[in-house]
Amino acid sequence: MCATIAVTACVAAAAESERIQPDRPNFSTSTNTVQPGAVQIESGAEYSRTRIGGSPAEKQFTLDVTVRVGLTERAEIRLEGEPLVVTRGQQDDTGNGDLSLQAKYRFFDGRQGSWWPSLGLLPFVTFPIAHAPHGTNVPDFGLYGLASFVLPWRLSLDANLGVGGLAQRPSGYLAQGVASAALGRDLGERWSTFGEVFFTSAAERGARDSVGFDAGVQFYLTPRVVLDAAGQTSLAGPGPDYAVRAGLSVRFGR
């Protein structure tokens, strides 16, 4: 009987560890990496509406895709882009967004039953393939620090702190700081939910910092396939009045 219970517990733990762990639909990135030899595709769509004083509200529809490839137990490489960006408002435009090459490396694993988090780094370079008004003509770059906590009551916390160099028009770079924290909770075997607060310093000289909030859910169709949905609003500074997004993530290989 004891042996049966032990085997059952091991199988359950293995199934939980093998469950797909996407980095969407929230903004905070966890320290989890894709298994070596596996490919994970995370895709979604977003609609946002932003009021602009004295001008028609800007409405934007975006398709985004992230491809994650596991290299080792602790490292993965990522390619992230927006194949379609449709903007309607004061200036109508249809095009694509920029393309970002990223790497994630987890250098410390939190211990079971300990409050110490897992820690990682995520450097990135964003290539300016978008045409105006979606981007500039020189690349952006930056580095995020990642921390993931496993908490009691099936809670988890992903916290990010980063700095980047944003290309400015007509020339030069502006240092931008970002910080975010997403608190999540598993609801049974198939559902999870989260709430998140995020901060971004000004993206242009003379602009304001921004603070936003979002919340959403994930539904696991299988251990390799998950659906997600989230809603977002701005609390301070520039940003959308509201945004809604939904997506699908699938893992192939291991």
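Nothing in this text is a laboratory measurement; each read-out follows from the coordinates by a stated rule. Because the structure is predicted, anything quoted here is derived from the model rather than measured. Quick reminder, even Gly has a Cβ in these numbers, built from the backbone with ideal geometry, and neighbours come from all protein chains shown.
Couple of notes before you dig in:
- Angle of helix 2-18 to the longest C-alpha principal axis of the chain, folded into 0 to 90 degrees and rounded to 10: 10°.
- Note on Asn137 and Ala57: with the Förster distance fixed at 30 Å, the Cβ-Cβ geometry gives a FRET efficiency of about 0.60.
- Relative contact order computed over the stretch 82-157 (Cα-Cα under 8 Å; 6+ residues apart), in percent: 25 percent
- Once C-alpha pairs closer than 8 Å and six or more residues apart are averaged by separation and normalised to the residue number of the chain, the relative contact order reads 18 percent.
- Mean ellipticity per residue at 222 nm, deg cm²/dmol - from DSSP H runs of n ≥ 4 across the chain, formula -39500 (n - 2.57): -2000 deg cm²/dmol
- Between Phe213 and Phe107, the simple label model (points 7 Å from Cα in the Cβ direction) yields a spacing of 3.5 nm.
- Given charges at Cβ of Lys, Arg, Asp, Glu: the chain dipole, positive-most of Ala75, Val197, Ser234: Ala75
- Under the simplified labelling scheme, the Ser43-Val67 pair shows an inter-label distance of 1.2 nm, with each label point 7 Å from Cα along Cα→Cβ.
- Difference of contour (0.36 nm per residue) and Cα-Cα distance, Arg254 to Ser114: 47.6 nm
- Take each peptide in 180-186, 86-92, count the other Cβ atoms within 10 Å of every residue, and average; sorted highest first, the result is 180-186, 86-92.
- Neighbour-count ranking [beta-carbon atoms within 10 angstrom, fewest first] of Ser201, Ser55: Ser55, Ser201
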